[in-house]
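The block underneath contains the structure these notes are about, expressed in structure tokens.
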Amino acid sequence: MLKVTGIIAVVSIAGTAFASPVLGDYSSYNQISSDSITAVSLEEGTQGATSSVYSNMDAGGGFNAFPSGNGALGFDDYTSTSAGAITMESIRFVGGVDAVGGVLNFEFFDAAGANLITAFSVNFSQAGNFIWTITLGGAFTADAAGVLQITTDATSNGQWFLSDAGPTVGSEDNTFGGASGGLLSHKFEINVIPAPGALALLGMGGIVAGRRRR
């Protein structure tokens, strides 16, 4: 059984101040349909997509979380493997909301955490904590290196999980965001639409695997 624990820790922040939008400023955010989100249980693992440009989904010694709360649930930096701006096909994260209809806002800032680059809101049709995939279909662009913050709306409570494992794709600055003095980092992943050449290679891999099974 996967270990899930609670934490009470001071969030570590880089030298520059990180200022999030005031609660209630979310009416202008694009809304993601519940048809575009899927969930699997925490016990089903966190195997990433082949199109990840940043992935920090490993449970390590177990998932950890602050108590369920309202407002800002946490923030963390990322440095992707992309050479330029990221057109996001999907993102994944570990966490959730307390009640059906709960709303989480996903806010992508620049690397300094000073300027909001893109943001969207998700209304969850299922309560509880899961490994969520949010399909964006290339409608949102984030910086190649930046900061993700997740917040609730004024009426929702939720959690965003962390672990002691680091990124498996890309890198992070463990002095920015996270918790426990940089020992824990938030679990999320950014995926892009594979280039045509990558899709062809994936197809060839499937053909080879099929032949091997015969």
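So, Gly48, is that one farther than 22 Å from Thr141 by Cβ and modelled with pLDDT under 95 or not? For Gly48, the condition - farther than 22 Å from Thr141 by Cβ and modelled with pLDDT under 95 - is not met.
What strands (runs of 3 or more DSSP E) lie completely within region 101-180 and have 2 or more residues being in contact (Cβ under 8 Å) with a residue 40 or more places away in the chain and crowded, with 22+ Cβ neighbours inside 10 Å? In region 101-180, 103-109, 128-142, 145-152, 158-160 are the strands (runs of 3 or more DSSP E) which contain 2 or more residues that are in contact (Cβ under 8 Å) with a residue 40 or more places away in the chain and crowded, with 22+ Cβ neighbours inside 10 Å. Among the residues making up region 123-160, those that are within 17 Å of Gly95 (Cβ to Cβ), touching a helix residue (DSSP H, G or I) at 6+ places or on another chain (Cβ under 8 Å) and hydrophobic (A, V, I, L, M, F, W, C) are Phe124, Phe130, Ile131, Ile134.
Conditions (1) touching a Cys at 6+ places or on another chain (Cβ under 8 Å); (2) β-branched (Val, Ile, Thr); (3) more than 19 Å from Val40 (Cα to Cα); (4) at pLDDT below 90, marked per residue:
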| position | (1), (2), (3), (4) |
| --- | --- |
| Gly101 | no, no, no, no |
| Pro167 | no, no, yes, no |
| Gly197 | no, no, yes, yes |
| Leu201 | no, no, yes, yes |
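Could you say which residue among Phe109, Phe120 is within 24 Å of Asp164 (Cα to Cα) and out of contact with any Cys (no Cβ under 9 Å at 6 or more places or on another chain)? Before the answer, list the steps.
On the way: Phe120 fails: within 24 Å of Asp164 (Cα to Cα).
Result of the check over Phe109, Phe120: Phe109.
Might you check whether a residue that is more than 15 Å from the chain's Cα centre (by Cα), of a type outside the set (S, T, N, Q) and closer than 22 Å to Phe63 by Cα occurs anywhere in region 140-156? Even if it seems obvious, please write down each step before you answer.
The first filter runs over region 140-156 and keeps only residues more than 15 Å from the chain's Cα centre (by Cα), leaving 153-156.
If we keep only those that are of a type outside the set (S, T, N, Q) too, we end up with 153-154.
Those still in the list that are closer than 22 Å to Phe63 by Cα too: none.
No, there is no match, as no residue in region 140-156 is more than 15 Å from the chain's Cα centre (by Cα), of a type outside the set (S, T, N, Q) and closer than 22 Å to Phe63 by Cα.
Taken residue by residue, region 181-190 has no member that is touching a residue at least 24 places away in the same chain (Cβ under 8 Å), closer than 19 Å to Ser82 by Cα and surrounded by fewer than 22 Cβ atoms within 10 Å (Cβ to Cβ).
Report the residue count in region 83-100 for those that are surrounded by 21 or more Cβ atoms within 10 Å (Cβ to Cβ) and more than 14 Å from Gly146 (Cα to Cα). Lay out the reasoning, then the answer.
Keep residues of region 83-100 that are surrounded by 21 or more Cβ atoms within 10 Å (Cβ to Cβ), which gives 86, 88, 90-97.
With more than 14 Å from Gly146 (Cα to Cα) added as a condition, the list becomes 90-97.
Number of matching residues: 8.
The values are calculated or read from the model by the stated rules, or taken from the named source; none is laboratory data. The shown structure was predicted, so the numbers you read here are calculated from the model rather than taken from an experiment. All Cβ positions, even for glycine, are placed from backbone atoms using ideal geometry, and neighbour counts span all protein chains on display.
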